């Protein structure tokens, strides 16, 4: 059974017909001016966005990958900082760091990385800002500082500095 057309649908179709008729009757110069204004508005909007957001960034200062050796004294990492600019405003104060399991946070804000066993430890940085945080269009943006603890490399020599026969 066919549904009866609602008043809104009927009104909408009539409005569309009237609009098409009026657009068809517009003077060509009026249409050209409208298109030029539209293109000009798009160009100005794109230029504004490029200029306003060209310096937006979320970067870690210093090394992002640090290699350590098993058996060394525990490594104390003092934060070198990060820089976050969102929509032309410095939002670095809204950043927070989350260390992975095994890393301890010291009273002075530094981090102690254990070197008693091999492993990979990380400090993950996020910013509570529209462009980078929970409401970011592409999801949360994170930056990660990695600490890799590996066994000491050997150079193929024995304990006395002699080459090992192979």
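Overview of values
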{"read-out": "Residues within the stretch 54-73 that are under 21 Å from the mean Cα position of the chain (by Cα) and farther than 21 Å from residue 125 by Cα, tallied", "value": "1"}
{"read-out": "Test: residue in the stretch 34-43 that is farther than 30 Å from residue 122 by Cβ, in contact (Cβ under 8 Å) with a residue 12 or more places away in the chain and assigned to a helix (DSSP H, G or I)", "value": "no"}
{"read-out": "Boolean, residue 29 is exposed (fewer than 10 other Cβ atoms within 10 Å of the Cβ) and without any contact (Cβ under 8 Å) to a residue 40 or more places away in the chain", "value": "yes"}
{"read-out": "Residues that are assigned to a helix (DSSP H, G or I) and surrounded by 11 or more Cβ atoms within 10 Å (Cβ to Cβ), drawn from the stretch 50-86", "value": "52, 53"}
{"read-out": "Count of residues meeting criterion [in contact (Cβ under 8 Å) with a residue 40 or more places away in the chain and over 19 Å from residue 92 (Cβ atoms)] in the stretch 105-131", "value": "6"}
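Quick note: the coordinates plus some simple rules give every number you see, no bench work behind them. Since the structure is predicted, the reported quantities are computational estimates derived from the model, not experimental observations. Ideal geometry is used to build each Cβ from the backbone, glycine not excepted, and the neighbour counts take in all protein chains shown.
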